[in-house]
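First up is the structure itself, then whatever we jot down about it.
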Amino acid sequence: MKERTISGTLFDIGNFLFMLFILLLMVFPFIYIISYSLSSPNMLKGGLVLFPAGFTFDSYAKALGDSAVLKGALVSIARALIGPAVMLFFTSMGAYVLTRSDLVGVKFFRKYFVFTLYISSGIIPMYLLMGYLQLKGTFLIYILPGAVSVFSMVLIKTYIEGLPKELEEAAVVDGANDFKLFFQVIFPICTPVFAAVVLFECVNQWNAFIDTQIYNTMSPNLYPLQYVLYNTLNQINSLEQLRDQGQKQMSAITPQTFKMAITVITVLPIACVYPFLQKYFIKGLLVGSIKG
């Protein structure tokens, strides 16, 4: 067993303290928001809030009782489930096709897709295209434009290229066609990279609201939760506005605690999903980093 030196021990202690400091910097904003949202305004004295003062769920009751928040949550959940599924289906097949060196023009298609990572059409041409396709004011505007992710395609392609070629050769010998080869052989063993790209897309869909602001402003029934939060942060400026909405026991809620409560409701689902995908997420990020 290798003996530990004093310098090595000091380095480990310093490294631990440094990482602990970084952790506290990242965790503190969440602790502050949660504690503030659970605090009673009458007991808040300003400054840092590390623990709830006068524990109360009134802000959450108000937020969850708002029909706009509930509708927004349903839209966001639908986006976060359907969007990644559609993206994974089309993007993974495209990635697999780009790994086939026997495909006519495959080199051109590889360069073409990578080119789109650097050059985009811009907002105005995209807006005109969505109008021409009659996607404005529909739920599909959240799904179809992101059905193919070139960044995810590159990750999946790199992962598939690292798989043993013997797997494909054995499947071909057994009579498997391209579809059977992909869905029954390649797809099941690409779980790590699939989990990584799905997590990326889930977070992107859950946090998106700019597309709503551009295409679906006139469709309140299609507002996602993030856009509801965006409107809340812009519109709720005084306690009287909450009183106009029929809120009782106003001493237990202020616009600030209400904003904090909606923020927690918005962030919590993704924070709960991440731990279950973490091990696959890390493996997926290591795509191409190790060559054997």
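Computed from the coordinates by the stated procedures, all read-outs in this text should not be read as laboratory data. Computed from a prediction, not measured in an experiment: that's the story for all the values here. So basically every Cβ, Gly included, is an ideal-geometry build from the backbone, and we count neighbours across all protein chains shown.
Numerical summary
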quantity: J(HN,Hα) series, the range 155-172, from Karplus relation 6.51 cos²θ - 1.76 cosθ + 1.60, nearest Hz, glycine and proline x; calculated: 4, 5, 4, 5, 5, 5, 5, x, 7, x, 5, 4, 5, 5, 4, 5, 5, 5
quantity: Volume of the Cα convex hull of the range 11-168, divided per residue and given in Å³; calculated: 257
quantity: Charge-dipole axis of the range 1-147 as Lys and Arg at +1 and Asp and Glu at -1 on Cβ define it, positive-most pick from 124, 19, 80; calculated: 124
quantity: Share of pairwise Cα separations in the range 58-292, more than 27 Å, in percent; calculated: 48
quantity: Approximate spin-label separation residue 81-residue 187, in nm, with each point projected 7 Å along Cα-to-Cβ; calculated: 2.0
quantity: Entries in 71/259; 157/180; 136/180; 111/136; 111/157; 107/157 that, when Cα-Cα distance is taken, lie over 25 Å; calculated: 136/180; 111/136
quantity: Approximate spin-label separation residue 55-residue 207, in nm, with each point projected 7 Å along Cα-to-Cβ; calculated: 3.2
